[in-house]
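Shown next, in structure tokens, is the structure this report addresses.
The values are calculated or read from the model by the stated rules, or taken from the named source; none is laboratory data. Not measured: the values here are computed from a predicted model. Here Cβ is always computed from backbone atoms with ideal geometry, including for glycine, and neighbour counts include all displayed protein chains. SASA here: full protein model, heavy atoms, side chains in, ligands and nucleic acids out. Shrake-Rupley method; radii C 1.70, N 1.55, O 1.52, S 1.80 Å.
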Amino acid sequence: MHGVVGVMTALVMTVAAAEEGAADGASRSASSSWEGRTFVGVAVPLMPGGFALEGEQELDDGFTATVGLRASFNLGQWSRVFGNSEPASLQLGIEPGVRFYVRGSALEGLWFGPRLELGRTWRDERGRSWNVGGAVLAGYSLILRQGFTVQGALGVGATYRPPLAGFNLWTVSMDYRAQLSVGWSF
């Protein structure tokens with residue numbers, strides 16, 4: 001956990017340094033033209049049990065809109081390897097958000113941004129429920145050969161879960177977010 005906090009601190013310090021260099025970016029933006037690139041890829045959270053199909057569209061040189069379609073699962077009693085005591089579950093969700101690129105151009109450089117997290121969960125013995133939350137992420141996008149793109153992100157988020165039988169009336173959980181995405185930019 002301390003390692004994640006250290007990485008987040010380093011990213012925040014890098015963002016602060018990027019703001020100081022904003023004047024340098026003004027001369028770069030005068031010489032470049034907006035292309036409207038798109039990223040499509042697969043995001044895997046850095047913990048077991050899920051993946052997302054993600055899309056990101058460049059709206060301006062330093063601003064993009066994103067959407068993720070996430071599927072996650074918990075095998076419950078079938079996964080003693082991870083020490084789960086939770087019942088088996090499946091969650092499907094959508095994660096719209098925006099990204100502000102503070103170093104580099106859109107789809108290639110250091111970014112930060114918020115996202116909304118909406119999900120529907122189906123659980124063994126407890127039925128189904130909606131989850132609503134959000135996260136703030138910081139990350140880096142790198143375009144390699146022929147548009148192959150790698151993105152990494154770290155952040156924090158909160159999720160509201162409505163009441164379940166035998167539990168409190170409502171639950172808000174805060175935890176870390178970390179993911180690695182691979183795909184193509186065109």
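Quick check, is L69 surrounded by 15 or more Cβ atoms within 10 Å (Cβ to Cβ), of a type in the set (A, V, I, L, M, F, W, C) and at pLDDT 95 or above? When the stated conditions are applied, L69 does not pass them.
Among the residues of segment 118-128, write down those that are surrounded by fewer than 19 Cβ atoms within 10 Å (Cβ to Cβ) and assigned to a strand (DSSP E or B). Show your work before the answer.
Going residue by residue through segment 118-128, those that are surrounded by fewer than 19 Cβ atoms within 10 Å (Cβ to Cβ) are 118, 120, 122-128.
Hits for segment 118-128 are L118, R120, W122, R123, G127, R128.
Applying the criterion of being among the aliphatic types (A, V, I, L, M) and assigned to a strand (DSSP E or B) to the residues of segment 99-117, the residue that is surrounded by the most Cβ atoms within 10 Å (Cβ to Cβ) is V102. P87 - would you say it is under 14 Å from Q179 (Cα atoms) and at pLDDT below 75? No: the conditions fail for P87.
Taking residues in segment 88-101 that are closer than 26 Å to E58 by Cα, and partners anywhere that are open to solvent by less than 20 Å² (accessible area, probe 1.4 Å) and of a type in the set (V, I, T), the pairs with Cβ atoms closer than 8 Å and at least 6 places apart or on different chains are V98/T64; R99/T64; Y101/T64. If you go through segment 134-156 one residue at a time, how many are surrounded by fewer than 18 Cβ atoms within 10 Å (Cβ to Cβ) and more than 16 Å from Y101 (Cβ to Cβ)? The qualifying residues number 7.
Which residues, counting only those in segment 129-157, are in a strand (DSSP E or B), within 24 Å of L110 (Cβ to Cβ) and of a type in the set (A, V, I, L, M)?
Passing the criteria: A135, V136, L137, A138, L142, I143, V150, A153, L154, V156.
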